[in-house]
Amino acid sequence: MAKIDLAAVVHIKSSYESWEKLMLSHEDNQDRVDAGKILYGKANDNTAILLNFGMDEEEMAARAGNPEFAELIKNDVESHEFYILQEMRPPS
């Protein structure tokens, strides 16, 4: 199981507050926030930025392709943009 660090731009249909409540209630997200493994914030009324550290790549793919997940977020999320994060290191 490969672990990756992800960044997501979340385009919100409803409101930031509604999306935040949904995101925190889904699976183990609140625990991951409490442990500092998920950082997120409001970019504007319809956009959130989410950083997810140490995410299991297979689990992420399974969540994203799950029809139940699509149904769960359909009223709150217009779309996601996902990026893989990589630590920058000074040149040697």
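Tabulated values for the structure
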{"item": "Rg in Å to one decimal, and Dmax rounded to a whole Å, for segment 3-84 via C-alpha atoms", "result": "11.8, 31"}
{"item": "Label-to-label distance, nm, for residues given as residue 28 and residue 8 (7 Å Cα→Cβ offset)", "result": "1.6"}
{"item": "CD proxy at 222 nm, helix term only [per DSSP H run n ≥ 4: -39500 (n - 2.57); per residue of the chain; nearest 500]", "result": "-9000 deg cm²/dmol"}
{"item": "J(HN,Hα) series, segment 4-19, from Karplus relation 6.51 cos²θ - 1.76 cosθ + 1.60, nearest Hz, glycine and proline x", "result": "10, 9, 10, 10, 10, 9, 9, 8, 9, 7, 8, 9, 4, 4, 5, 4"}
{"item": "Derived scalar couplings ³J(HN,Hα) [segment 36-46; Karplus, 6.51 cos²θ - 1.76 cosθ + 1.60; whole Hz; x for Gly, Pro]", "result": "x, 8, 10, 10, 8, x, 8, 8, 7, 4, 10"}
{"item": "Built amide H within the under 5 Å cut-off of residue 12, gap 5+", "result": "47, 48, 78"}
{"item": "Lysine pair number, Cα distance threshold 17 Å (strictly under), the chain, separation 8 or more or different chains", "result": "6"}
{"item": "Proxy reagent accessibility, fewest Cβ within 10 Å first, across 33, 77, 10", "result": "33, 77, 10"}
{"item": "Those GluC sites (Glu not before Pro) in segment 5-37 that DSSP places in a loop and that have at most 15 other beta carbons within 10 Å", "result": "27"}
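None of the figures in this text is laboratory data; all of them are computed from the coordinates on show. Note that the structure is a prediction, hence the values are computed from the model and not measured. So basically every Cβ, Gly included, is an ideal-geometry build from the backbone, and we count neighbours across all protein chains shown.
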